[in-house]
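As structure tokens, the structure follows; a few thoughts come after it.
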Amino acid sequence: MVKYFKLTGGIEEIEKIETNCWINVVNPTDKELEYLKTELNLPSDVINDILDPDEVSHIEYEDDYTLIILRIPIYDINNDIPYFTVPLGIFITKEYILTLCAKENEILPINELNLIKKYYKKIPDNLNFILKIFLRTGKIYLRYLKQINKYISLIQKDLEQSIRNKELIDLLKMEKCLVYFITSIKANEIILTKLNHSKNIKSEINEDLLEDAIIENKQALTMAQIYSDILSGMMDAFASVISNNLNIVMKQLTSISIILMIPTVIYSLFGMNVPLFIENKQWALPFIIIGSFFLSYLGVILFKRKNWF
């Protein structure tokens, strides 16, 4: 989907492209991609880089344009990993600014004009617009990280009651989400530093906005690293619990097997086809049974004193 906005004096949606406008492209179709190449002269290699899900954050300076690619967070409950990151490309020319993303996102929501106005109004220049995108990205990272932390807490409660494969797999997915977030936030931090010292974008830097964007990004990175460390420790703890529970079960099963061997040995001894001194006695069978249970009972008491049960 392609939408056009007028940046001067605030965000205002327009019907067609004009000078100093913003073009927001999200999840483009083949026809829209062809329009970007032919009508807007967007290089094919730039489009391929932005739409590549593994593309890292970076800045490219050319004679007639500047390209900024940052990683933004995405939440998709239908995806195998619900929280992940994708590239968001910001293509800057003298005539317009174009943002391109392969996934619908909350940074630049294509169908929520009110949200765009709330966060991107009063944009005096291109650099301020870019910094607002970084600031919004940091806030979304923080919100998603809090959601991940709550989800981890719910999984932990389930694991404390019953350790199953499903909960462990969910924890592994959350750990992978945090790894994606940490990697992407670190790359975005480098881009912010480059923008701070950039001479290619001719604009007066809004120092407060830049500082806010850097703080939000660092806070998101700190939270992601803390949650990742906690999750790693939790996984190690549950691995130890699983191993300890397995040892306890094996010890109990071994103790039960030993106790059951006592009557088995006695029955095997008296069951041999050889003459025995009580074979003709009427009380022989009850005596053997009672004796077996008595010796087994003594074995149980001994094991309990040794804490083998």
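All of 188, 200 fail the test of being in a helix (DSSP H, G or I) and either surrounded by 11 or more Cβ atoms within 10 Å (Cβ to Cβ) or modelled with pLDDT under 85 (or both), apart from 188.
Quick check on this structure: which one of 25, 56 is outside any helix (DSSP H, G or I), surrounded by fewer than 18 Cβ atoms within 10 Å (Cβ to Cβ) and either modelled with pLDDT of 85 or more or under 34 Å from the mean Cα position of the chain (by Cα) (or both)? Break it down stepwise before answering.
Working: 25 fails: surrounded by fewer than 18 Cβ atoms within 10 Å (Cβ to Cβ).
Only one candidate passes the filter, namely 56.
As for the stretch 277-285, it holds at least one residue that is part of a helix (DSSP H, G or I) and surrounded by 10 or more Cβ atoms within 10 Å (Cβ to Cβ).
Specify the residue that is farthest from the chain's Cα centre (by Cα); the eligible residues are those in the stretch 208-228 that are surrounded by 17 or more Cβ atoms within 10 Å (Cβ to Cβ) and of a type in the set (S, T, N, Q). Filtering first and then ranking leaves 217. Surrounded by 13 or more Cβ atoms within 10 Å (Cβ to Cβ) and over 38 Å from the mean Cα position of the chain (by Cα): which single residue out of 268, 292 fits that description? Just a single option satisfies the conditions, and that option is 292.
Give me a count of the residues in the stretch 59-86 that are farther than 22 Å from residue 96 by Cβ, part of a loop (DSSP other than H, G, I, E, B) and not polar (S, T, N, Q). Show your work before the answer.
Narrowing the stretch 59-86 to residues farther than 22 Å from residue 96 by Cβ: 71, 73-86.
Now restrict to residues that are part of a loop (DSSP other than H, G, I, E, B): 76-82.
Then drop every residue that is not not polar (S, T, N, Q), which leaves 76-77, 80-82.
Going through the stretch 59-86 one residue at a time, the tally reaches 5.
Number of residues in the stretch 1-22 that are over 31 Å from the mean Cα position of the chain (by Cα), more than 24 Å from residue 61 (Cβ to Cβ) and assigned to a loop (DSSP other than H, G, I, E, B) equals 7.
Tell me yes or no: at least one residue of the stretch 239-256 is assigned to a helix (DSSP H, G or I), touching a residue at least 60 places away in the same chain (Cβ under 8 Å) and surrounded by 12 or more Cβ atoms within 10 Å (Cβ to Cβ). Walk me through it before giving the result.
At the first step, the residues of the stretch 239-256 found to be assigned to a helix (DSSP H, G or I) are 239-256.
In the following step, the residues that additionally are touching a residue at least 60 places away in the same chain (Cβ under 8 Å) were identified as 241-242, 245.
Subsequent filtering for residues that are surrounded by 12 or more Cβ atoms within 10 Å (Cβ to Cβ) retains 241-242.
Yes, the stretch 239-256 has at least one match.
The values are calculated or read from the model by the stated rules, or taken from the named source; none is laboratory data. For clarity, every value in this text was computed on a predicted model and none was experimentally measured. Quick reminder, even Gly has a Cβ in these numbers, built from the backbone with ideal geometry, and neighbours come from all protein chains shown.
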